[in-house]
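Data block below; observations after.
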Amino acid sequence: MNKKQFEVLLLLYVANIDGQLHADEIQLIMEKYGHETFVQTKKMFDKMGDSEILECLRDNKKQFVSTETERRQLLAELKKMICTDERLMTMEERLYKTIEKILM
């Protein structure tokens with residue numbers, strides 16, 4: 001796993017909180033990370049359960065999000081992903097807070 005895949009995995013996890021990936025969420029990810037990275041990471045994502053994804057994020061955070069600046073940038077990307085549908089659900093707010101804690 002590389003840094004881009006780590007970030008895409010996290011964005012896919014957040015985007016999928018309602019049980020489905022929406023076209024605007026996929027587009028946002030592909031615009032930033034490219035089609036190939038999206039497809040490769042989506043294959044990994046589809047094979048993993050929630051606990052495996054969270055464990056992967058915890059295990060790799062020091063390698064890929066080692067500075068406060070990187071953490072803030074990634075959290076900003078998450079916020080952008082959450083706000084793509086222009087409504088912030090309670091479930092999304094809770095997930096954001098959970099991810100924020102994981103990345104600390």
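For (1) free of Cβ contacts under 8 Å to residues at least 60 places away in the same chain; (2) among the charged types (D, E, K, R); (3) not in a helix (DSSP H, G or I), each residue gets a yes or a no:
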| residue | (1), (2), (3) |
| --- | --- |
| Val14 | no, no, no |
| Val39 | yes, no, no |
| Ser51 | yes, no, no |
| Ser66 | yes, no, yes |
| Thr69 | yes, no, no |
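Among the numbered conditions (1) closer than 21 Å to Met30 by Cβ; (2) modelled with pLDDT under 90; (3) among the aromatic types (Phe, Trp, Tyr), the only one that Phe64 does not meet is (2).
For beta carbons closer than 6 Å, sequence separation of 6+ or different chains, a first residue in the range 18-30 that is among the charged types (D, E, K, R) and a second that is surrounded by 13 or more Cβ atoms within 10 Å (Cβ to Cβ), the qualifying pairs are Asp24/Thr84; Glu25/Ala15; Glu25/Thr84.
Being touching a residue at least 24 places away in the same chain (Cβ under 8 Å), surrounded by 11 or more Cβ atoms within 10 Å (Cβ to Cβ), within 16 Å of Lys3 (Cα to Cα) and of a type in the set (Asp, Glu) narrows it down to one residue among Glu77, Glu100; which is it?
Glu77
Scanning the range 11-44 for residues that are surrounded by 15 or more Cβ atoms within 10 Å (Cβ to Cβ) and farther than 21 Å from Cys83 by Cβ yields Thr37, Gln40, Thr41, Lys42, Met44. Checked against the criterion of being in contact with a helix residue (DSSP H, G or I) (Cβ under 7 Å, 6 or more places away or on another chain) and not in a helix (DSSP H, G or I), the candidates Leu78, Leu21, Leu57, Leu10 yield just one match: Leu21.
The values are calculated or read from the model by the stated rules, or taken from the named source; none is laboratory data. Just so we're clear, the structure is a prediction, and the values are computed from it rather than from any experiment. Note that we place each Cβ from the backbone using ideal geometry, even for glycine, and neighbour counts take in every protein chain shown.
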